[in-house]
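Q: Starting off with a structure, shown below.
The values are calculated or read from the model by the stated rules, or taken from the named source; none is laboratory data. Since we're looking at a predicted model, the values are computed, not measured. Note that each Cβ is placed from the backbone with ideal geometry, even for glycine, and that neighbours are counted across all protein chains shown.
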Amino acid sequence: MSTPATAVLATPTRTGRTGRTGLTDLTDLTDLAAYSERVFGHLPRCDQRRWATVYLRGLLSTPGRKSGRRMARVLGLPSSASQSLQQFITSSPWDWEAPRGELSRIAAGLMPGAVWTTATVLLRRGGTQSVGLHQRLVPESGRHINCQVGIGLFLTDGRRSIPVHWQLVLNDAWCDDPERRRRAKIPHEVTPRPAWALTLDMLHQSVADQVAVSAPLVYSLDHSRDPSRLAAHLNQTGRDFVIEVPPHQPFTAILPGADAHEPARMRTSTAAGLLEGCVRTAPSLRGDGTRLCTVAVRFHSPRASSPAARRTLRLVAEIPAARRQPSRFWVTSLRDTRPQVSHALALRSELTHATVQRLQNDLGLLDFEGRSFPGWHHHMTLASAAYLYRCLASGEQQRRR
């Protein structure tokens, strides 16, 4: 291998097989080699660890599309390196959960007060062979596109949002076809599951990694199709949540009586109906004229004895400055918290969606060249690792200034 390639592929001295290097100061991780060793040091083979570092360098330094060929050319590697990069992503048998656990630990150390947020990512693809490919309706345009659908779990504070876990949405057409499963290397335990269930799987992994175990979940409307079931499962695990719900989501409101002697009244309607014409509002923390209104509610359920139907939650609605009626709605278990605080947590999802755009535009999230289930997870893990490294490097630059 040529000298430039050897320099790029240089691997720091290993200190163990756990992926830990003994680095306690996050600023030490702004060296890419040390960072890669921390995140990918668990990989069993030295060539896998080298190519992980090379792939990170390629994602961080290659402008435009991040194909294996373009990354190899930008890094000054031999022409054969593009094939090696492709093999490392699509064929090399390495576990992606351990690196994601390290990403979670580093991100949690960087953002002690972070909450969990989610995002749905549509990865447009051509052909028919990419794993998980199916037709998906884009509500904004009303059109169907051919794409993969990824669900991401992010740690998010008031300034930034960092991706740490991913799940790929698979339907029956993929999971019930033995030949498709074989070609795409889909593990036998993977089955079709809704977005909320995949989110719970990722949260369970974060508990196993002992990362942000008690952090609330902020769940976006873009995949909040069955919020009552998600809320019921979160309630069972004791995790607080702020879940965006559509205006037509049914609830049973608990309305106070006219005086101290009159019992509370129950009223069932949609989220929009319960807060239509609301009189009492409070300003949000945004300072842009947005107002908030709130009411105690329970999920409306035919089974009144179910835990989801019995638990009292709080419905918080946002009224923009130029409107009289609410436009967005969230249900939260933080019923004793001021609505301004719950609303501020809910808006952290906006940081997550901005991060997704940067991942797509700058770090090659959409540029996976392969068809396999492991390959998809490998690429998403490395794109997330590149984003976290950029956050660490940017923070160190600000600290020095």
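Q: What pairs can you find where one residue is in segment 321-334 and closer than 21 Å to residue 226 by Cα, the other is acidic (Asp, Glu) and in a loop (DSSP other than H, G, I, E, B), and their Cβ atoms are less than 6 Å apart, with a gap of 6+ or different chains?
A: 333/240; 334/240
Q: Does residue 254 qualify as being in contact (Cβ under 8 Å) with a residue 12 or more places away in the chain and crowded, with 17+ Cβ neighbours inside 10 Å?
A: Here the answer is no, as residue 254 does not meet what is asked.
Q: So which residues in segment 164-185 are buried (at least 16 other Cβ atoms within 10 Å of the Cβ) and small (Gly, Ala, Ser)?
A: Scanning segment 164-185 gives a single hit, 184.
Q: Further question: Could you look through segment 341-358, keep only residues that are surrounded by fewer than 17 Cβ atoms within 10 Å (Cβ to Cβ) and touching a strand residue (DSSP E or B) at 6+ places or on another chain (Cβ under 8 Å), and pick out the one that is farthest from residue 270 (Cα to Cα)?
A: 354
Q: If a residue must be in a helix (DSSP H, G or I), surrounded by fewer than 20 Cβ atoms within 10 Å (Cβ to Cβ) and not hydroxyl-bearing (Ser, Thr, Tyr), how many such residues does segment 224-238 contain?
A: The qualifying residues number 5.
Listed here are the residues, each with its yes/no results for (1) assigned to a strand (DSSP E or B); (2) outside the structural domain of residue 113 (by TED's automatic domain parsing); (3) modelled with pLDDT of 95 or more; (4) buried (at least 17 other Cβ atoms within 10 Å of the Cβ).
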residue	(1), (2), (3), (4)
140	no, no, no, no
144	yes, no, no, no
187	no, no, yes, no
192	no, no, yes, no
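Q: Ok, one more. All but one of (1) among the hydrophobic types (A, V, I, L, M, F, W, C); (2) over 30 Å from residue 86 (Cβ atoms); (3) in a helix (DSSP H, G or I); (4) in contact with a strand residue (DSSP E or B) (Cβ under 6 Å, 6 or more places away or on another chain) hold for residue 329, so report the exception by its number.
A: Going through (1) among the hydrophobic types (A, V, I, L, M, F, W, C); (2) over 30 Å from residue 86 (Cβ atoms); (3) in a helix (DSSP H, G or I); (4) in contact with a strand residue (DSSP E or B) (Cβ under 6 Å, 6 or more places away or on another chain) one by one, residue 329 breaks only (3).
Q: Any idea which of 362, 367, 336 is under 30 Å from residue 252 (Cβ atoms), surrounded by fewer than 21 Cβ atoms within 10 Å (Cβ to Cβ) and of a type in the set (Asp, Glu)?
A: So the residue among 362, 367, 336 that is under 30 Å from residue 252 (Cβ atoms), surrounded by fewer than 21 Cβ atoms within 10 Å (Cβ to Cβ) and of a type in the set (Asp, Glu) is 336.
Q: Hey, can you tell me all the residues within segment 198-220 that are without any contact (Cβ under 8 Å) to a residue 40 or more places away in the chain and surrounded by 17 or more Cβ atoms within 10 Å (Cβ to Cβ)?
A: If the condition is that a residue be without any contact (Cβ under 8 Å) to a residue 40 or more places away in the chain and surrounded by 17 or more Cβ atoms within 10 Å (Cβ to Cβ), then 200 is the only one that fits.
Q: Which condition from (1) crowded, with 20+ Cβ neighbours inside 10 Å; (2) out of contact with any Gly (no Cβ under 8 Å at 6 or more places or on another chain); (3) outside any helix (DSSP H, G or I) is the one that residue 104 breaks?
A: So residue 104 meets the others, but not (3).
Q: OK, next. Would you please list the contacts, defined by Cβ atoms under 6 Å and residues six or more apart or on different chains, that run from a residue in segment 350-367 that is outside the structural domain of residue 152 (by TED's automatic domain parsing) and modelled with pLDDT of 95 or more to a residue that is surrounded by 13 or more Cβ atoms within 10 Å (Cβ to Cβ) and β-branched (Val, Ile, Thr)?
A: Filtered contacts from segment 350-367: 351/156; 352/117; 352/156; 356/121.
Q: Of all residues in segment 36-91, which are of a type in the set (Val, Ile, Thr) and in a helix (DSSP H, G or I)?
A: 39, 53, 54, 74, 89, 90
Q: Mind listing whichever residues of segment 266-276 are free of Cβ contacts under 8 Å to residues at least 40 places away in the same chain and either surrounded by fewer than 13 Cβ atoms within 10 Å (Cβ to Cβ) or touching a His at 6+ places or on another chain (Cβ under 8 Å) (or both)?
A: 266, 268, 270
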